[in-house]
Amino acid sequence: MMMNSPESKGNLTQKDALLRYRSADTAAGARPLAEGTTGTSRTHKDIRPVPFSGLLTNKLLTALPGEDFARLLPFLEPVSLSINEDLYDFGQAVHEVYFPESAVISHLYIWEDGSTAEAALIGREGLTGLSAIFDAPALPCLTQAIIPGTALRMSVEVLRQEFARSKAMQRLLLAHAGIRILQLSQRAVCNGRHTVIERLCSWLLMLHDRVGDDQLLLTHEQIAHHLGTRRAGITSAANSLRDGQIIKSSRGQIRIINREGLEMAACECYRTLGQQNLTAALP
Amino acid sequence: MVMEDRTQPLSENRLLAALPREEYERLAPHLQPVSLTLSQTLFMPDEQVNHVHFLTTSVVSLLTDLEDGTGMEVGLIGPEGFVGISALLGGSETKVATVQAPGMSLRLQADILQKEFSRGGQFQNALLRYTHALITQISQAVVCNARHQVEGRLARWLLMFHDRVGTDEFELTQEFMANMLGVRRASVSEIAERLQAMNLIRYQRGRFAILNRKGLEEFTCECYPKVEKKFDDFLP
């Protein structure tokens with residue numbers, strides 16, 4: 001039934017698109033690039049280890065029984081993720097997982113014409129690298145931080161051993177897969193049925209939940225890349241939220257000044273996508 | 001020594017066929033063949049799933065519904081998968097599962113699925129790989145719905161359906177089509193007729209015939225070749 005295509009054409013065109021996407025953006029200066037970059041995003045090889053703050057906020061890790069967590073602790077390495085930094089090489093096997101702390105990570109899809117859209121948004125309620133733990137091929141997308149910050153990095157091998165050994169870890173990772181499916185399903189219907197302004201509100205709320213800061217460093221261009229819409233649409237939606245005293249929008253940043261108003265303007269999807277709701281689904 | 005005969009797959013379901021004979025035989029007495037009818041609902045949101053279905057000749061869609069009664073199809077499951085993933089992942093179901101092509105499934109009690117999964121082995125691996133394949137498929141629906149034209153999306157769903165149903169002619173309800181495209185029922189025929197005008201399909205009152213599979217593959221949005229054409233790679 002399903003065909004197994006031996007050709008690697010798909011990957012090549014996707015890589016071409018990736019390059020075009022990067023160079024177009026850099027030329028226009030549209031996306032703020034990470035410090036020290038010279039036109040291409042930094043790759044995971046450059047990700048900086050940082051001292052551990054001592055405050056553990058990732059919900060998957062805090063939900064583990066003390067004994068299980070103690071076993072993992074020596075293998076968790078705190079790192080700092082810059083904006084638009086690729087955590088994995090595109091299309092390559094995944095060797096590390098990241099448990100976000102203050103960083104928010106996004107799965108960004110790229111088409112042949114260079115346009116993009118985001119599928120999953122992963123913050124402190126989850127982890128990246130599920131494909132490797134489940135022994136499946138990597139997703140055909142980029143994994144990047146949309147909000148820079150810290151995460152805890154760990155080798156896939158260690159987590160796979162832990163998955164086989166600890167029932168608690170198994171239940172948590174399976175529940176996380178369920179949460180991922182729930183988030184994605186809601187975003188699929190949201191993208192198909194809801195207006196740009198509703199989607200923008202839900203998305204800003206999702207980020208706000210995960211970041212815990214009213215100030216989000218995002219350009220309209222970046223938001224458009226993630227929501228899969230035109231920049232003009234984002235600008236006009238942001239302007240009407242600004243006129244309604246819900247956000248302040250200035251060059252390269254958005255400040256949420258009326259969270260309640262933002263919730264009112266969001267579509268019903270936020271009720272599913274809210275971090276509270278997603279975390280409540282953990283065992 | 002007697003060589004194991006693997007020319008004949010153990011099951012028409014891809015996940016079960018991937019099992020070593022020993023694991024399959026342990027499950028077999030618990031697999032109950034059931035007949036699924038068109039538009040039958042297998043479960044609704046918030047339901048606890050007591051049985052899962054390993055599909056053999058039927059096709060089931062997963063729909064996320066909205067408060068106003070509209071919704072969108074987010075996933076399609078055929079003989080490559082199983083329906084009722086919340087039995088594995090925990091919690092209750094969050095989607096509506098509806099039979100879109102009548103046929104057979106192998107029904108398994110949720111507690112037996114869980115017990116067998118805990119043993120590890122190939123069954124666990126097959127279920128985990130399928131879970132990720134479903135994540136891959138739904139992710140593609142998210143980004144496709146954000147950007148792609150309705151005709152390209154129809155071509156993608158028709159190819160996905162064709163891959164799973166195994167016949168060139170099939171029936172799709174208007175409601176299913178409206179929900180897979182995110183349009184009103186009234187616009188469904190008009191969109192299908194545009195593909196018909198290109199001689200890619202024949203469409204009459206809900207009955208589809210795939211006339212030019214290759215042409216559909218060329219016309220579909222990139223989401224089909226990116227994930228679905230390679231769906232095999234995602235499966236055990």
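Only one entry in A:VAL79, A:VAL50 is crowded, with 18+ Cβ neighbours inside 10 Å and touching a Pro at 6+ places or on another chain (Cβ under 9 Å), namely A:VAL79. Check whether at least one residue in region A:194-202 is without any contact (Cβ under 8 Å) to a residue 60 or more places away in the chain, in a helix (DSSP H, G or I), buried (at least 24 other Cβ atoms within 10 Å of the Cβ) and touching a helix residue (DSSP H, G or I) at 6+ places or on another chain (Cβ under 7 Å), and report yes or no. Yes, region A:194-202 contains a residue that is without any contact (Cβ under 8 Å) to a residue 60 or more places away in the chain, in a helix (DSSP H, G or I), buried (at least 24 other Cβ atoms within 10 Å of the Cβ) and touching a helix residue (DSSP H, G or I) at 6+ places or on another chain (Cβ under 7 Å). With respect to (1) β-branched (Val, Ile, Thr); (2) in a strand (DSSP E or B); (3) under 19 Å from B:ALA17 (Cβ atoms), the lone exception for B:ILE112 is condition (2). Restricting B:GLU67, B:GLU22, B:GLU47 to those that are surrounded by fewer than 13 Cβ atoms within 10 Å (Cβ to Cβ) and either modelled with pLDDT of 95 or more or under 28 Å from A:ARG171 (Cβ atoms) (or both) reduces the list to B:GLU22.
Residue-level check: of (1) within 27 Å of B:ASP232 (Cα to Cα); (2) out of contact with any strand residue (DSSP E or B) (no Cβ under 8 Å at 6 or more places or on another chain), B:GLY69 misses just (1).
Of all residues in region A:229-248, those that are surrounded by 18 or more Cβ atoms within 10 Å (Cβ to Cβ) and of a type outside the set (Val, Ile, Thr) have Cβ atoms under 6 Å from Cβ atoms of residues that are part of a strand (DSSP E or B) and at pLDDT below 95, 6 or more apart or on another chain, in A:ALA238/A:SER249. Determine which member of the set B:ARG184, B:ARG153 is in contact with a Cys (Cβ under 7 Å, 6 or more places away or on another chain) and either within 20 Å of B:VAL74 (Cα to Cα) or not basic (Lys, Arg) (or both). Going through B:ARG184, B:ARG153 in turn, just one is in contact with a Cys (Cβ under 7 Å, 6 or more places away or on another chain) and either within 20 Å of B:VAL74 (Cα to Cα) or not basic (Lys, Arg) (or both): B:ARG153.
Looking across region B:86-131, the residues that are at the interface with chain A (Cβ under 10 Å from one of its Cβ atoms) and on the phi > 0 side of the Ramachandran plot come down to B:GLY90, B:GLY91, B:GLY120. Of the residues making up region A:110-136, those that are out of contact with any strand residue (DSSP E or B) (no Cβ under 6 Å at 6 or more places or on another chain), closer than 17 Å to B:VAL143 by Cβ and at the interface with chain B (Cβ under 7 Å from one of its Cβ atoms) are A:TRP111, A:GLU112, A:SER115, A:SER131.
For region B:44-89, a residue qualifies if it is closer than 19 Å to B:THR173 by Cβ and either free of Cβ contacts under 8 Å to residues at least 12 places away in the same chain or in a loop (DSSP other than H, G, I, E, B) (or both), and the qualifying residues are B:MET44, B:THR57, B:SER58, B:LEU66, B:GLY69, B:THR70, B:GLY78. I'd like the residue in region B:190-219 that is closer than 20 Å to B:GLY71 by Cβ and of a type outside the set (Val, Ile, Thr) and, out of all such residues, is nearest to the chain's Cα centre (by Cα). In this case the residue turns out to be B:GLY206.
Comparison of B:ALA133, B:ALA178, B:ALA209 shows that the only residue that is under 24 Å from B:THR57 (Cβ atoms) and in contact with a Lys or Arg (Cβ under 6 Å, 6 or more places away or on another chain) is B:ALA209.
Assess whether B:VAL60 counts as being closer than 18 Å to B:PHE161 by Cβ and out of contact with any Phe, Trp or Tyr (no Cβ under 9 Å at 6 or more places or on another chain). So B:VAL60 passes the test.
The sole residue among B:THR136, B:THR173 that is within 12 Å of another protein chain (Cβ to nearest Cβ) and either under 12 Å from the mean Cα position of the chain (by Cα) or of a type outside the set (A, V, I, L, M, F, W, C) (or both) is B:THR136.
Annotation note: of A:PHE99, A:PHE52, the sole residue that is away from every other protein chain (no Cβ under 14 Å) and either in contact with a Gly (Cβ under 7 Å, 6 or more places away or on another chain) or not in a strand (DSSP E or B) (or both) is A:PHE52.
Could you tell me which of the residues B:LEU63, B:LEU76, B:LEU106 is of a type in the set (A, V, I, L, M) and closer than 25 Å to A:ALA138 by Cβ? Every option except B:LEU76 fails the conditions. Taking region B:142-180 as the range and being within 21 Å of A:ARG230 (Cβ to Cβ) and among the aliphatic types (A, V, I, L, M) as the test, the residues that pass are B:VAL142, B:VAL143, B:ALA146, B:VAL150. Given the condition more than 25 Å from A:ASN84 (Cα to Cα), buried (at least 19 other Cβ atoms within 10 Å of the Cβ) and within 10 Å of another protein chain (Cβ to nearest Cβ), answer yes or no: does some residue in region A:185-192 qualify? Yes - at least one qualifying residue is present in region A:185-192. Selection over region B:72-126 of residues that are acidic (Asp, Glu) and farther than 30 Å from B:VAL143 by Cβ gives a count of 2.
Just one of the numbered conditions (1) under 22 Å from B:ASN212 (Cα atoms); (2) in a helix (DSSP H, G or I); (3) within 13 Å of chain A (Cβ to nearest Cβ); (4) not charged (D, E, K, R) is not true of B:THR167: (2). In the condition set (1) buried (at least 21 other Cβ atoms within 10 Å of the Cβ); (2) in contact with a Phe, Trp or Tyr (Cβ under 7 Å, 6 or more places away or on another chain), B:LEU42 is compliant with all but (2). When region B:205-235 is filtered for residues that are part of a loop (DSSP other than H, G, I, E, B), within 13 Å of chain A (Cβ to nearest Cβ), farther than 19 Å from A:ALA188 by Cα and in contact with an Asp or Glu (Cβ under 9 Å, 6 or more places away or on another chain), the ones remaining, listed by number, are B:LYS229, B:LEU235.
Candidates A:HIS107, A:HIS44: the one that is at pLDDT below 60 and under 19 Å from A:ILE122 (Cβ atoms) is A:HIS44.
The values are calculated or read from the model by the stated rules, or taken from the named source; none is laboratory data. All of these numbers come straight from a predicted model, not from anything done at the bench. For neighbour counting, all protein chains shown are included, and Cβ atoms are generated from backbone atoms with ideal geometry for every residue, glycine included.
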